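Asker: Quick one: the structure is below, questions incoming.
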Amino acid sequence: MTERPGSEFRIDHTARENVQFEPGPLDRDAPFYVAGHRGLAGSAMWRRLERAGFTNLIGRSSRELDLTDRAAVFAFFAETQPRYVVLAAAKVGGILANESYPVEFLSVNLQIQTNVLDAALQHRVERVLFLGSSCIYPKYAAQPIREDSLMTGHLEPTNDAYAIAKIAGIMQVQAVRREYGLPWISAMPTNLYGPNDNFSPKGSHVLPALIRRYDEAVQTGAAEVVNWGTGTPRREFLHVDELADACLYLLEHYDGPEQVNVGTGTDVTIREIADTIGKVVGFAGSTVWDSTKPDGTPQKLLDVSRLAEIGWKSAVGLEDGIRSTVEWFRAHRDELTERG
Ligand code: GFB
């Protein structure tokens, strides 16, 4: 095998592994905490677990429990004693939000995940799944991006602060495995979309932003839509219900120190995604690209062969996923508009 640039800096975690665990079905009646259960990923996880028959799901809104408040998080774990945890709580946003607020993306995410993982360790939570993001990989990682390209090159500067927080989370999970022998795991989803996404024009990711923009253009009869960047970057999009399905699958079938990529294995250009969304919402006008806005990383396509080996594959087509998300958006538009 050819050496990848930077691979000499890799750490071999398997050498210091201290976990002996055979994954299997989770106990449907055990207390299961979904951190971030109102967000895009967490709410999908909650729906998936309900469908799978879990009877003791625990969730707290950020108003009920501020995850940056360490004492409150420890008190919550002492009270609820979860046996399983999915950590889907995070400060997230699209390219412009990440670029504009690096302090918040770094600090808030480090606080949330350190508090939750420390409390989970204190209570010896049996299974934890930490959710990261595909932006942890180097900007110019070989495509499709394999799990072992982590820390082999420089990060994309528009989201380096968020990526560093997520890399720290992966490391904390691996450290707990080594030092305490608990079978905790991490999953790295590609760009997600679906119900309960953030549709705010400036803070959101591209897919919800374009659904809202093209839909508004149809409503107002606008002849032109202006999108950010050049439209040439390539991204992979996964419906969040599929992420939730993959996470439950991993919890019941996978154990290991290395993070597992979760994606579809296919990417599209931003231009293509704009065309598809325009078609789905019925927009007949033209699209202009504002290249003063950042493009971000040129391509982000995950290698999902590891996940396929474990036994899970994506089945939802992108156009179908967009269609159902547009329906959800139209049904919830008024509440979302109030939230900005
Ligand atoms: O989804 P997005 O913000 O995330 O942007 P990233 C993807 C691409 O869509 C970029 C273009 O090339 C944008 O320039 N784009 C076009 C738009 N129009 C728009 C628009 O109206 N809004 C947005 N947001 N983009 C994020 C990271 O990067 O991906 C996060 O910043 C996270 O850390 C997330 O990892 C999954 O894929 O560029």
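Asker: Looking at segment 117-172 only, could you name the residues that are under 16 Å from residue 90 (Cα atoms), hydrophobic (A, V, I, L, M, F, W, C) and in a helix (DSSP H, G or I)?
Answerer: 117, 135, 136, 161, 163, 164, 165, 167, 168, 170
Asker: Among the residues of segment 41-90, which ones are among the basic types (Lys, Arg) and open to solvent by 70 Å² or more (accessible area, probe 1.4 Å)? It would help to see each step written out before you state the result.
Answerer: As a first pass, look at segment 41-90 and keep what is among the basic types (Lys, Arg): 47-48, 51, 60, 63, 70, 83.
Within segment 41-90, 47, 51, 60, 63, 70, 83 meet the criteria.
Asker: State which residue is nearest to the ligand (Cβ to nearest atom) when the search covers only segment 235-245 and only residues that are surrounded by fewer than 24 Cβ atoms within 10 Å (Cβ to Cβ) and in a helix (DSSP H, G or I).
Answerer: Taking the candidates together, the pick is 242.
Asker: Which ones in segment 286-340 are closer than 20 Å to residue 137 by Cα and of a type in the set (S, T, N, Q)?
Answerer: If the condition is that a residue be closer than 20 Å to residue 137 by Cα and of a type in the set (S, T, N, Q), then 297, 299, 305 are the ones that fit.
Asker: A further question follows. Can you tell me which residue in segment 261-297 is most open to solvent (accessible area, probe 1.4 Å), limited to those that are part of a helix (DSSP H, G or I) and near the ligand (Cβ under 10 Å from one of its atoms)? Walk me through it before giving the result.
Answerer: First, pick out the residues of segment 261-297 that are part of a helix (DSSP H, G or I): 270-281.
Pick out the ones that are also near the ligand (Cβ under 10 Å from one of its atoms) and you get 270-271, 273-274.
Details: 270: 19, 271: 108, 273: 1, 274: 3 Å².
Only one residue tops the list, namely 271.
Asker: State the number of residues belonging to segment 91-111 that are of a type in the set (A, V, I, L, M) and in contact (Cβ under 8 Å) with a residue 60 or more places away in the chain. Give the steps one after another, and end with the answer.
Answerer: Residues of segment 91-111 that are of a type in the set (A, V, I, L, M), as a first pass: 92, 95-97, 103, 106, 108, 110.
Those still in the list that are in contact (Cβ under 8 Å) with a residue 60 or more places away in the chain too: 92, 95-97.
Number satisfying all stated conditions: 4.
Asker: Counting only residues that are surrounded by 19 or more Cβ atoms within 10 Å (Cβ to Cβ) and away from the ligand (no atom under 12 Å from the Cβ), which one in segment 148-166 is farthest from residue 87 (Cα to Cα)?
Answerer: Ranking the candidates gives 152 first.
Asker: OK, next. Return the residues of segment 298-316 that are within 16 Å of the ligand (Cβ to nearest atom) and either open to solvent by 40 Å² or more (accessible area, probe 1.4 Å) or at pLDDT below 95 (or both); say none if nothing qualifies.
Answerer: Across segment 298-316, the qualifying residues are 298, 299.
Asker: Would you say residue 225 is aliphatic (A, V, I, L, M) and part of a helix (DSSP H, G or I)? Outline the logic, then answer.
Answerer: Numbers: aliphatic (A, V, I, L, M): yes; part of a helix (DSSP H, G or I): no.
Spelling it out, it is not the case that residue 225 is aliphatic (A, V, I, L, M) and part of a helix (DSSP H, G or I).
Asker: I need the full set of residues from segment 211-229 which are buried (at least 19 other Cβ atoms within 10 Å of the Cβ), touching a residue at least 40 places away in the same chain (Cβ under 8 Å) and of a type outside the set (A, V, I, L, M), in order please. So that I can check it myself, show each step before the final result.
Answerer: Kept after step one, since they are buried (at least 19 other Cβ atoms within 10 Å of the Cβ), are these residues of segment 211-229: 211-215, 217, 225, 227-228.
Remaining after also requiring touching a residue at least 40 places away in the same chain (Cβ under 8 Å): 211-212, 214-215, 217, 225, 227-228.
Across segment 211-229, the qualifying residues are 212, 214, 215, 227, 228.
Asker: Under 6 Å between Cβ atoms, at least 6 apart or on separate chains: pull out the pairs that start in segment 269-287 with a residue that is of a type outside the set (Gly, Ala, Ser) and end on any residue that is open to solvent by 40 Å² or more (accessible area, probe 1.4 Å) and more than 11 Å from the ligand (Cβ to nearest atom).
Answerer: Pairs that qualify, where the first residue is of a type outside the set (Gly, Ala, Ser) and the partner is open to solvent by 40 Å² or more (accessible area, probe 1.4 Å) and more than 11 Å from the ligand (Cβ to nearest atom), are 276/319; 280/323; 281/218; 283/218.
Asker: Quick one: count up the residues across segment 94-108 that are more than 10 Å from the ligand (Cβ to nearest atom) and not hydrophobic (A, V, I, L, M, F, W, C). Steps first, answer last, please.
Answerer: Taking segment 94-108 and keeping what is more than 10 Å from the ligand (Cβ to nearest atom), we get 100-104, 106-108.
Subset that is not hydrophobic (A, V, I, L, M, F, W, C): 100-102, 104, 107.
Count: 5.
The values are calculated or read from the model by the stated rules, or taken from the named source; none is laboratory data. Source: prediction; values computed, not measured. Cβ: placed from backbone, ideal geometry, glycine included. Neighbour counts: every protein chain shown. With ligands, DNA and RNA removed, areas are computed over all heavy atoms of the protein, side chains included. Shrake-Rupley method; radii C 1.70, N 1.55, O 1.52, S 1.80 Å.
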